[in-house]
Amino acid sequence: MSEMDIFLIKKCVDGDFKSFEQLIVKYEKNAFAIALRYLGNYDDALDVTQEALIKVYKNIKNFRFESSFTTWLYRIVINTSKDFLKKNNKEKIISIEDHSIDLPDDRERENPVKNAENKELKLIVEEALMALNEENRIVVLLKDIQGFTYDEISDVLQIPIGTVRSRISRGRAMLKNELMKQNPDILNLIG
Amino acid sequence: MKCEDIKKNLDLYIDHEILSKEEIEAIDAHLAECDDCRLEYDEMKKMIDELSRLSEVELPKDFHDNLMNEIRKSNKINETFFKKHYKWAVGTAAVLLAGIVVTAGIQMAPGLLRGSSQMVAYDERVDYGMEAPSMDSSKSVNLEMTEVSPEAMPEESPMATNVEERKIIKNIYMELDTSDIELTFNNIQNQVNAVGGYVEYSNMGDYYYGYYERTQSQEKMRYASINARVPSNQLESVTAYVESLGELRTKSLNTVDQTDYYYDIDAQIENLKVRETRLRELMDEAKNISDIITIESELSRVRNEIDSLTRNLKSIDKNVDYSTLNISLREVEDSSKINPEDRSIWQEAKDGIIKNINRIINFLQSTVIFAISYLPVAVMGLIGLGAVYWMIKKTGIFKRRMKK
Ligand SMILES: [Zn+2]
């Protein structure tokens with residue numbers, strides 16, 4: 001955890017609103033990315049992210065400096081997302097419009113045909129991810145989308161490293177399976 | 001190592017986790033030789049690459065501001081929540097005390113009560129201004145830091161004479177307390193429309209305390225918010241009008257200077273247009289199909305980029321021309337006013353009780369204040385009286401002694 005974060009957290013605890021703003025602005029996007037990939041619905045993810053970050057504000061005085069702030073923050077985001085899924089208790093059907101969040105990257109700019117292909121591919125991956133059960137989805141999401149280490153995942157989800165490892169293996173295998181279902185040749189289209 | 005062992009450890013190998021240096025080297029060696037494992041590894045890598053692209057997400061531009069506003073709101077509500085309960089506790093204690101005093105004070109009550117009802121009005125304003133000072137003084141101080149006095153606002157287009165028009169986006173956030181929320185709500189919307197602005201979003205309803213904590217308490221207050229866009233040159237007049245409708249709690253101005261960014265995009269568009277013209281000329285000269293296809297695809301890319309950048313410019317222009325006005329309204333309790341739809345016997349009885357508790361508090365307060373403020377006079381008077389009495393007594397004794 002950076003010195004700056006520690007400083008800002010301490011100021012927040014003393015009631016400094018501006019410090020909280022400075023602190024949270026760095027993590028908003030990642031928090032949202034996690035909620036979005038976990039819930040699979042843009043609007044729900046916005047609501048959940050907001051609710052979670054308000055919880056972070058209200059509970060920051062309870063933050064122990066033992067773990068990292070990001071771990072703690074993402075745990076709140078994930079738990080709020082879980083609560084949301086429990087409350088709604090329905091699998092969201094992913095529709096193409098509300099699910100594709102596209103930022104043109106360099107690869108897409110190269111040529112329009114490839115662009116369309118990539119878009120298609122991205123959607124297929126998104127759908128395959130949502131086909132996984134919640135347990136496997138969250139580890140794949142944290143590992144392969146967010147780039148967390150096994151240690152960090154173990155910390156965020158509060159499960160042993162061995163469990164992280166087996167869920168990642170299982171999650172990836174299932175994801176590959178889902179992708180093959182869509183198109184047996186799909187992995188040759190990538191790259 | 002067997003293929004089976006390799007595949008079992010492939011995830012760890014890809015993730016650079018747990019495996020020892022020897023194990024990694026063994027897998028390296030195996031992958032170099034075994035096509036089957038190599039394919040499995042490549043496929044996994046590709047899938048992970050594709051997944052990593054999903055980390056790019058776009059948050060709505062107003063997400064951050066909305067979040068901060070929500071937090072500010074919940075802050076305020078908690079403060080009032082405590083303030084309310086504090087008042088009730090004091091009220092209860094006062095009732096007990098008053099019970100003892102009231103019997104004694106009953107004869108002089110009519111005159112004093114009339115006098116003290118003025119005190120109620122006065123006291124409430126003082127009370128409001130202090131805004132629960134004991135609760136969170138540092139927080140309210142810091143909130144005030146975001147407030148901007150009218151003088152600090154940038155002047156309207158200070159560079160108007162420049163060739164480049166300044167592109168400054170202004171957002172104002174205001175919190176206002178009002179005693180009639182519906183009237184204020186409608187007045188603001190009418191005013192926004194009258195100056196040529198429009199309301200993007202508005203909402204009015206009851207707000208429950210302790211919502212985020214999911215506590216048992218179900219106390220509610222009336223709450224409204226208006227998100228409006230007003231022509232930038234009308235912004236000051238509209239905010240001044242809004243301020244006149246109630247008690248201003250917070251006002252903050254946020255300006256974003258997009259001038260450099262704007263003219264940067266503008267220059268990019270110009271370049272792309274030159275390129276577009278060039279491509280069209282090339283297209284006319286093109287002979288074979290493959291050249292035409294290549295040029296066409298490049299043309300469509302350039303065209304798309306021009307369109308997208310132009311949309312950016314228009315969006316900036318719109319934000320510059322129309323400032324954002326974010327207003328939060330809260331209905332403050334006014335003991336003389338009862339919401340029409342809530343007017344029930346119980347409500348009236350409750351209000352009556354509150355009113356009387358307030359009177360008793362004020363009666364006690366004024367009694368104590370009276371007593372304390374006259375204490376020096378009383379002490380001086382007593383000393384004076386004592387001295388006179390002593391002197392009279394002394395002279396009396398002296399006289400009697402003289403008579404003897
Ligand atoms: Zn092998």
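The values are calculated or read from the model by the stated rules, or taken from the named source; none is laboratory data. Quick caveat: nothing in here was measured; it's all calculated off a predicted structure. Note that each Cβ is placed from the backbone with ideal geometry, even for glycine, and that neighbours are counted across all protein chains shown. Heads up: the accessible areas ignore ligands, DNA and RNA and are worked out on the full protein's heavy atoms, side chains in. Shrake-Rupley method; radii C 1.70, N 1.55, O 1.52, S 1.80 Å.
Which of the residues belonging to region B:244-253 are within 11 Å of B:Ile172 (Cβ to Cβ) and either of a type outside the set (D, E, K, R) or surrounded by fewer than 15 Cβ atoms within 10 Å (Cβ to Cβ) (or both)? Give the steps one after another, and end with the answer.
Our first condition is that a residue be within 11 Å of B:Ile172 (Cβ to Cβ); within region B:244-253, this holds for B:250-253.
Passing the criteria: B:Thr250, B:Ser252, B:Leu253.
Restricting to region A:1-29, name every residue that is within 10 Å of chain B (Cβ to nearest Cβ) and either over 17 Å from B:Asn75 (Cβ atoms) or out of contact with any Leu (no Cβ under 7 Å at 6 or more places or on another chain) (or both).
A:Lys11, A:Asp14, A:Gly15, A:Asp16, A:Lys18, A:Phe20, A:Glu21, A:Val25, A:Glu28, A:Lys29
Checking B:Arg72 against (1) surrounded by 15 or more Cβ atoms within 10 Å (Cβ to Cβ); (2) within 7 Å of chain A (Cβ to nearest Cβ); (3) away from the ligand (no atom under 16 Å from the Cβ), only one condition comes out false. Which one?
(2)
(1) of a type in the set (A, V, I, L, M, F, W, C); (2) surrounded by 13 or more Cβ atoms within 10 Å (Cβ to Cβ); (3) at pLDDT 85 or above: which one isn't true of B:Ile338, the others all being true?
(3)
Would you call B:Met174 at pLDDT 80 or above and surrounded by 15 or more Cβ atoms within 10 Å (Cβ to Cβ)?
Considered against the rule, which asks whether it is at pLDDT 80 or above and surrounded by 15 or more Cβ atoms within 10 Å (Cβ to Cβ), B:Met174 comes out as yes.
Can you pull out the residues in region B:1-59 that are more than 15 Å from the ligand (Cβ to nearest atom), out of contact with any Leu (no Cβ under 9 Å at 6 or more places or on another chain), open to solvent by 60 Å² or more (accessible area, probe 1.4 Å) and within 9 Å of chain A (Cβ to nearest Cβ)?
Within region B:1-59, B:His16, B:Lys45, B:Asp49 meet the criteria.
Given the condition at pLDDT below 90, within 14 Å of another protein chain (Cβ to nearest Cβ) and either more than 30 Å from B:Arg303 (Cα to Cα) or part of a strand (DSSP E or B) (or both), answer yes or no: does some residue in region B:251-267 qualify?
Scanning region B:251-267 turns up at least one residue that is at pLDDT below 90, within 14 Å of another protein chain (Cβ to nearest Cβ) and either more than 30 Å from B:Arg303 (Cα to Cα) or part of a strand (DSSP E or B) (or both).
Which of the residues belonging to region A:143-157 are within 11 Å of another protein chain (Cβ to nearest Cβ), open to solvent by less than 30 Å² (accessible area, probe 1.4 Å) and of a type outside the set (Ser, Thr, Tyr)?
A:Lys143, A:Asp144, A:Ile145, A:Phe148, A:Ile153
Would you tally the residues in region A:56-89 being closer than 17 Å to A:Leu157 by Cβ, polar (S, T, N, Q) and more than 12 Å from chain B (Cβ to nearest Cβ)?
Matching residues across region A:56-89 total 6.
Conditions tested, residue by residue: (1) closer than 18 Å to A:Ile34 by Cα; (2) basic (Lys, Arg); (3) in contact (Cβ under 8 Å) with a residue 60 or more places away in the chain; (4) not assigned by TED's automatic domain parsing to the domain that holds A:Ser67.
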{"residue": "A:Leu142", "(1), (2), (3), (4)": "yes, no, yes, yes"}
{"residue": "A:Ile145", "(1), (2), (3), (4)": "yes, no, yes, yes"}
{"residue": "A:Phe148", "(1), (2), (3), (4)": "yes, no, no, yes"}
{"residue": "A:Thr163", "(1), (2), (3), (4)": "no, no, no, yes"}
{"residue": "A:Arg167", "(1), (2), (3), (4)": "yes, yes, no, yes"}
{"residue": "A:Gly171", "(1), (2), (3), (4)": "yes, no, no, yes"}
{"residue": "A:Asn177", "(1), (2), (3), (4)": "no, no, no, yes"}
{"residue": "A:Lys181", "(1), (2), (3), (4)": "no, yes, no, yes"}
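Okay, residues lined up against (1) outside any helix (DSSP H, G or I); (2) modelled with pLDDT under 75; (3) closer than 21 Å to B:Ile168 by Cα:
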residue: B:Asp317; (1), (2), (3): no, no, yes
residue: B:Val320; (1), (2), (3): no, no, yes
residue: B:Asn326; (1), (2), (3): yes, no, yes
residue: B:Glu333; (1), (2), (3): yes, yes, no
residue: B:Lys350; (1), (2), (3): no, yes, no
residue: B:Ile372; (1), (2), (3): no, no, no
